[in-house]
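The values are calculated or read from the model by the stated rules, or taken from the named source; none is laboratory data. Everything numeric here is computed off the predicted structure, so don't read it as measured data. Cβ sites come from the backbone with ideal geometry, for glycine too, and all protein chains shown count toward neighbours.
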Amino acid sequence: MVKNISYLLLMYTASLIITGVFLLLHFPLPWILGPLITVFILNWLITEPLAQNKTILQISFLLTGAQIGSTFTSNTLSKVIPYFIPFLIITLVLIYVCMKSGEMLAKYAKIEPSTGVLGSIPGGLSVMVAMSDSMNANTGLVAIFHTIRLMAVLFLVPLMASFMFIQSDPQQALTNSAIELNVWTVLLYFLLFGMAYLLRYKIPAPYVLIPMLVIASLKLLSVPVSDVPVSLYHVAQVSIGIHLGLSITMSDLKKAGNFSWVFFLFTCFIIVISTGLGYIFAKLSDLSFATAMLSLAPGGLVEMAITAGEVDADPSIVGSLQLIRLLFIIMVLPFILKKMTNPFNEP
């Protein structure tokens, strides 16, 4: 117990030091990438298994979801709804390109086509791993491919966004629009945490989605919900960065061997394709290129919404559209993939 607390303090202390360096060097996403790199290296150097505190992580996801929800305004829905169909069509094009590329990757790497396809879809790691079990794919390789994709997206997309678009000061933005924390909002957070806990097996990412959707709804109804204090939001980002750093291990990358470079290049190709589709989406809508690009980027909802806040994109729209894609991938795509990949696994 004491050892676990010591390692937890070590991870947070080292993460904050590297985050400070990242802030001085003006690196993108310093509060997430700093801890991610720090903990990835610590996990490699220390023989004892490191772990993030589950409750701290859940609270961090809740605060992040609440912050994304608080960026919603009456304009958010009016911007998202008219472009739902174009976004869905472009998302389907992106997923189709990923699947076909996965088949080509499988031929090149001489692995099962189902493994290549499942490892290439820009969906959640846990969902794709669960699907790989039911489709007789190589679960280990699917997990490794998604780990490589996660690393590539977390580093490349924020870097691209910071170079392509004007960087804003997220702390200043939060401070300017902040409503001071009040008692009823704190009670609401406790209620949302309880709801997320009760629904943790029924909906995906409940600690992010429930506060995001509830607080967004309250904001749209003009209910004065407090914003997440800047300091708490930064602690939440550090905690999520530590979690991401622990989810990527050197042993996983070694297992992939030569496939690592192949899949890294494949991920770069998908990022370029999604950027091109983002440009098309921006032209079809009145969204900025930054918002459209991050909405289609093959990354996670939380990471892309946070990145949006740093490059003058709209976090609420990015979060909404990433949520639509997430729900499509979780609820619809498994049935499509099962039909498409069954022929691959037939004797």
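Can you pull out every residue in region 185-207 that is assigned to a helix (DSSP H, G or I) and aliphatic (A, V, I, L, M)?
186, 187, 188, 191, 192, 195, 196, 198
Right, residue 36: more than 30 Å from residue 284 (Cα to Cα), modelled with pLDDT under 90 and assigned to a helix (DSSP H, G or I) or not?
Taking the combined requirement at face value, the residue satisfies it.
Which fully enclosed helices (runs of 4 or more DSSP H) of region 64-124 have 2 or more residues being surrounded by fewer than 24 Cβ atoms within 10 Å (Cβ to Cβ) and touching an Asp or Glu at 6+ places or on another chain (Cβ under 8 Å)?
74-80
Quick test for you: out of 244, 221, pick the one residue that is farther than 24 Å from residue 36 by Cα and either in contact (Cβ under 8 Å) with a residue 12 or more places away in the chain or of a type in the set (A, V, I, L, M) (or both).
When all the criteria are applied, what remains is 221.
In region 306-329, how many residues are touching a Ser or Thr at 6+ places or on another chain (Cβ under 7 Å) and of a type in the set (Val, Ile, Thr)?
Final tally of qualifying residues: 3.
Please state which of the following conditions residue 298 fails to meet, knowing it meets all the rest: (1) in a helix (DSSP H, G or I); (2) surrounded by 14 or more Cβ atoms within 10 Å (Cβ to Cβ); (3) at pLDDT below 90.
So residue 298 meets the others, but not (1).
Within the bounds of region 208-226, is there any residue that is in contact with a Leu (Cβ under 7 Å, 6 or more places away or on another chain) and part of a loop (DSSP other than H, G, I, E, B)?
Yes, because at least one residue in region 208-226 is in contact with a Leu (Cβ under 7 Å, 6 or more places away or on another chain) and part of a loop (DSSP other than H, G, I, E, B).
This table checks each residue for (1) crowded, with 22+ Cβ neighbours inside 10 Å; (2) in contact with a helix residue (DSSP H, G or I) (Cβ under 7 Å, 6 or more places away or on another chain); (3) of a type outside the set (Val, Ile, Thr).
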| residue | (1), (2), (3) |
| --- | --- |
| 224 | no, no, yes |
| 228 | yes, yes, no |
| 232 | no, yes, yes |
| 240 | yes, yes, no |
| 250 | no, yes, yes |
| 253 | no, yes, yes |
| 259 | no, yes, yes |
| 272 | no, no, no |
| 276 | no, no, yes |
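Mind checking which residues of region 195-212 are closer than 18 Å to residue 305 by Cα and at pLDDT 90 or above?
Going through region 195-212, the residues closer than 18 Å to residue 305 by Cα turn out to be 204-212.
The answer is 207, 210, 211.
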